[in-house]
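Peer 1: Below are the structure tokens for one structure; questions will follow.
The values are calculated or read from the model by the stated rules, or taken from the named source; none is laboratory data. A quick note: this is a predicted structure, and the numbers were derived from the prediction, not measured. Backbone-built Cβ (ideal geometry, glycine too); neighbour counts: all protein chains shown. We work out accessible area using only protein heavy atoms, side chains counted, and drop any ligands, DNA or RNA first. Shrake-Rupley method; radii C 1.70, N 1.55, O 1.52, S 1.80 Å.
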Amino acid sequence: MQSIGKKGEELAASYLREKGYEILSRNYRFKKSEVDIICSKNDLLIFVEVKTRSSLKYGQPEVFVSLNQQKAIIRAAEEYLLETDWKQDLRFDIISIFMKKEDAEIEHLKDAFY
């Protein structure tokens, strides 16, 4: 299942670039926490969790971002803010990807949590 997640992250990064976001970091790690993509646009720093699924049997991909996972992403984000001395606004997004046979459905949920 690792490959579908990596493919989803590649699609998400491409999608964000097409929408004018600058990718600053991918798979940023702090202790046990990881942020899939950190990007910026219009003086806004965005921490993005990418969720990719090949089936909607158990629900939309974004419902798999648990409260614990959100807290872990926020911890990593706080460390990134300290490292980079970021003083502007920030946001937490989820990019939900449903992989079909030859196609992918991408949904960008802005301000998904905090």
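Peer 1: Relative contact order, percent, of the stretch 32-79 when contacts are C-alpha pairs under 8 Å separated by at least 6 residues?
Peer 2: So the answer I get is 41 percent.
Peer 1: Chymotrypsin sites (Phe, Trp or Tyr not before Pro), restricted to the stretch 16-77: which are DSSP loop and have at most 10 other Cβ atoms within 10 Å?
Peer 2: TYR58
Peer 1: With all protein chains present, how much of the accessible area of the chain (probe radius 1.4 Å) comes from carbon and sulfur, to the nearest whole percent?
Peer 2: Numbers: 3280 of 7040 Å².
Taking all protein chains in place, the chain shows 47 percent carbon and sulfur surface.
Peer 1: Out of the GluC sites (Glu not before Pro) in the stretch 44-114, which ones are loop residues according to DSSP with at most 16 other C-beta atoms within 10 Å?
Peer 2: Those that pass, being in a loop and sparsely packed, are GLU102.
Peer 1: A further question follows. What is the dipole size for the chain, taken about its Cα centre, with +1 at each Lys and Arg Cβ and -1 at each Asp and Glu Cβ, in debye to the nearest 20?
Peer 2: Dipole magnitude for the chain comes out near 420 debye.
Peer 1: Something else now. Past the 30 Å Cα-Cα mark, which pairs from LYS32/LYS101; LYS41/LYS101; LYS7/LYS32; LYS31/LYS57?
Peer 2: Checking Cα-Cα distances, LYS32/LYS101; LYS41/LYS101; LYS31/LYS57 exceed 30 Å.
Peer 1: Taking only Cα atoms and a 10 Å spring cutoff, compute GNM fluctuations for the chain and point out the largest among LYS57, LYS100, LYS32.
Peer 2: LYS57
Peer 1: Now, a different point. Taking Cα pairs under 8 Å and at least six residues apart, what relative contact order does the chain come out at, in percent? Show your work: numbers first, answer last.
Peer 2: Details: 189 pairs, mean separation 28.0, N = 114.
In percent, rounded to a whole number, it is 25.
Peer 1: Next question, about the same structure. What percent antiparallel are the DSSP beta bridges of the stretch 36-97, to the nearest 5?
Peer 2: Counting DSSP beta bridges with both partners in the stretch 36-97, the antiparallel share is about 35 percent.
Peer 1: Compare ARG91, ARG53 by solvent-accessible area with a 1.4 Å probe and give them largest first, with all protein chains kept in place.
Peer 2: Descending accessible area places them as ARG53, ARG91.
Peer 1: Provide Rg and Dmax in Å for the chain, with only Cα atoms included in the calculation.
Peer 2: 13.7, 43
Peer 1: Report the far tail of the P(r) of the stretch 59-114, meaning the percent of Cα-Cα pairs longer than 20 Å.
Peer 2: 37
Peer 1: Given the rule -39500 (n - 2.57) for each run of at least 4 DSSP H residues, summed and divided by the residues of the chain, what is its mean residue ellipticity at 222 nm, to the nearest 500 deg cm²/dmol?
Peer 2: -10500 deg cm²/dmol
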